Amino acid sequence: MYITLKDVNKIYPNGFHAVHNFNLEIEKGEFVVFVGPSGCGKSTTLRMIAGLENISGGEFLINGVRANEKSPREREVAMVFQSYALYPQMTVFDNIAFGLTLQGVDEDVIEQRVQATAGILGLTEYLDRLPRELSGGQRQRVAIGRALIRKAGIFLMDEPLSNLDAKQRVTMRGEIAQIHRETGATTIYVTHDQTEAMTLADRIVVMKDGYIQQTGTPYELYFNPANVFVAGFIGEPPMNFCRSRVTDGCVTFGDQQLDLKGVRPDMGTLEGKDVVFGFRPEAIILAEQSGAVGVDCHVELTEMLGDNTNVYIISGEQQAILKTDSHYTPETDTDMRFYIPGESIYLFDGETENVIRPPEAARS
Ligand code: ATP
């Protein structure tokens, strides 16, 4: 294994325990994304890997060798920060070359490596410009170039797209994926944006309050969330949830009882239990189908987004969002019926909020 974190903890000098028993193994060439809400400890973990923050407990290994005490340079990490931190008086060429110049690398080699890096990043024609003569996206590419040129073993990125506007973020996201394909660099990327995590990652680590909630591929996290937090964090709009007590194999959704006996063989074992019932906005269908549970509701509001529509519904006090094809946008202030296929129904333990998997094994 290339990178190993074993029971890594961070306790800041003021006593705040920011990261608890963080365990992760990363293979060479993997693109791993740490995602979670603000303050969950993702930057702290990245900074411990970078060597910018000391590790309070546990072990950090590179290639099986303990690296806790190694300096950032010895760890061979390159980091791209939230702010580009470019030198304003230096050209793009000199900004990209800076690390190599400091190391006293031969000028010919620098020229060749800057040209190669600029080629990958599409910066060849901007090498003589100053940072202020570039767009935000181009500046971010220079910052990435500065890290990339060092050919470090581990590439660390902390919210590298947060200074860009929405459109630039999407473009840069694609470019980062492309750079990763071309360089094959082992990358750890921090973001609070689940879309960035889903689109870039080979594997995602979801964090909350300093604890890992789940580690898995984007597919695993979306279809097999471990708990209510992950289910609600991954996916946009988020999964709909409804708290209920299982009665006669039914869960309550607003003012109706949904009979799950036909779709979940484990309803008998859940009788009397408090659960969280969940389904994704996009996992519903409008036509009746065997193995699907019908739900009546009232349409409060619709948002036509082009290719699909967000439909805000209510049943009793229970609100939810449905995502429909925009050709089938229901009228506001009308009643409608929709169906949730059995395999799209999630149940979580009402107390622990951990998923209760149907007995016939996990969906895959
Ligand atoms: P964000 O997306 O806001 O950067 P994050 O998930 O990266 O959030 P961290 O920066 O890792 O979060 O911070 C985790 C927790 O540790 C936060 O509650 C933060 O207030 C706390 N923290 C960070 N740095 C220090 C410090 N030097 N001393 C004490 N507590 C700190």
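Take LEU61 and tell me if it is at pLDDT 95 or above, touching a Ser or Thr at 6+ places or on another chain (Cβ under 6 Å) and either more than 16 Å from the ligand (Cβ to nearest atom) or closer than 14 Å to PHE22 by Cα (or both).
Details: at pLDDT 95 or above: yes; touching a Ser or Thr at 6+ places or on another chain (Cβ under 6 Å): yes; either more than 16 Å from the ligand (Cβ to nearest atom) or closer than 14 Å to PHE22 by Cα (or both): yes.
When the stated conditions are applied, LEU61 passes them.
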Subject >> Filtered residues of the range 1-42 (kept if at pLDDT 95 or above, hydroxyl-bearing (Ser, Thr, Tyr) and closer than 20 Å to GLN214 by Cα) >> reply: THR4
Subject >> Condition broken by GLU76, with the remaining ones in (1) in contact with a helix residue (DSSP H, G or I) (Cβ under 9 Å, 6 or more places away or on another chain); (2) more than 11 Å from the ligand (Cβ to nearest atom) satisfied >> reply: (1)
**OP:** Assess whether LYS6 counts as being within 11 Å of the ligand (Cβ to nearest atom), farther than 19 Å from ALA201 by Cβ, under 22 Å from the mean Cα position of the chain (by Cα) and assigned to a strand (DSSP E or B).
**Re:** no
Original post:
Just one of the numbered conditions (1) closer than 30 Å to HIS17 by Cβ; (2) among the basic types (Lys, Arg); (3) open to solvent by less than 30 Å² (accessible area, probe 1.4 Å) is not true of ARG264; which one?
Top reply: (1)
**OP:** Could you tell me which numbered condition ASN63 fails, if it satisfies all but one of (1) closer than 13 Å to VAL8 by Cβ; (2) surrounded by fewer than 21 Cβ atoms within 10 Å (Cβ to Cβ); (3) not aliphatic (A, V, I, L, M)?
**Re:** (1)
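For the range 278-291, indicate whether the set of residues that are open to solvent by 70 Å² or more (accessible area, probe 1.4 Å) and outside any loop (DSSP other than H, G, I, E, B) is non-empty. First the steps, then the outcome.
Applying the first criterion (open to solvent by 70 Å² or more (accessible area, probe 1.4 Å)) to the range 278-291 yields 286, 288-290.
Narrowing further to those that are outside any loop (DSSP other than H, G, I, E, B): none.
No, that holds for no residue.
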**OP:** Give the residues of the range 178-217 that are in contact (Cβ under 8 Å) with a residue 60 or more places away in the chain and of a type in the set (Gly, Ala, Ser), sorted by residue number.
**Re:** GLY184, ALA185, ALA197, ALA201, GLY210
**OP:** Take the range 12-56 and flag every residue that is surrounded by fewer than 22 Cβ atoms within 10 Å (Cβ to Cβ), assigned to a strand (DSSP E or B) and within 8 Å of the ligand (Cβ to nearest atom).
**Re:** ALA18
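Would you be able to tell me the number of residues in the range 81-98 that are under 19 Å from LEU127 (Cα atoms) and either assigned to a loop (DSSP other than H, G, I, E, B) or open to solvent by less than 20 Å² (accessible area, probe 1.4 Å) (or both)?
Residues of the range 81-98 that are under 19 Å from LEU127 (Cα atoms), as a first pass: 84-98.
Then drop every residue that is not either assigned to a loop (DSSP other than H, G, I, E, B) or open to solvent by less than 20 Å² (accessible area, probe 1.4 Å) (or both), which leaves 84-92, 95-97.
Total meeting the criteria: 12.
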Original post:
Which of (1) within 16 Å of the ligand (Cβ to nearest atom); (2) open to solvent by less than 50 Å² (accessible area, probe 1.4 Å) is the odd one out, the single condition PHE155 does not satisfy?
Top reply: (1)
**OP:** Could you list, in sequence order, all residues of the range 123-166 that are of a type outside the set (Asp, Glu), under 21 Å from the mean Cα position of the chain (by Cα) and part of a loop (DSSP other than H, G, I, E, B)?
**Re:** PRO160, LEU161, SER162, ASN163, LEU164
Original post:
Within the range 328-338, is there a residue that is under 25 Å from ILE234 (Cβ atoms), surrounded by 13 or more Cβ atoms within 10 Å (Cβ to Cβ) and not basic (Lys, Arg)?
Top reply: yes
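The values are calculated or read from the model by the stated rules, or taken from the named source; none is laboratory data. For clarity, every value in this text was computed on a predicted model and none was experimentally measured. Using ideal geometry, Cβ is built from the backbone for each residue, glycine included, and neighbour counts are taken over all protein chains shown. Accessible surface is based on the protein model in full, side chains and every heavy atom, while ligands, DNA and RNA are left aside. Shrake-Rupley method; radii C 1.70, N 1.55, O 1.52, S 1.80 Å.
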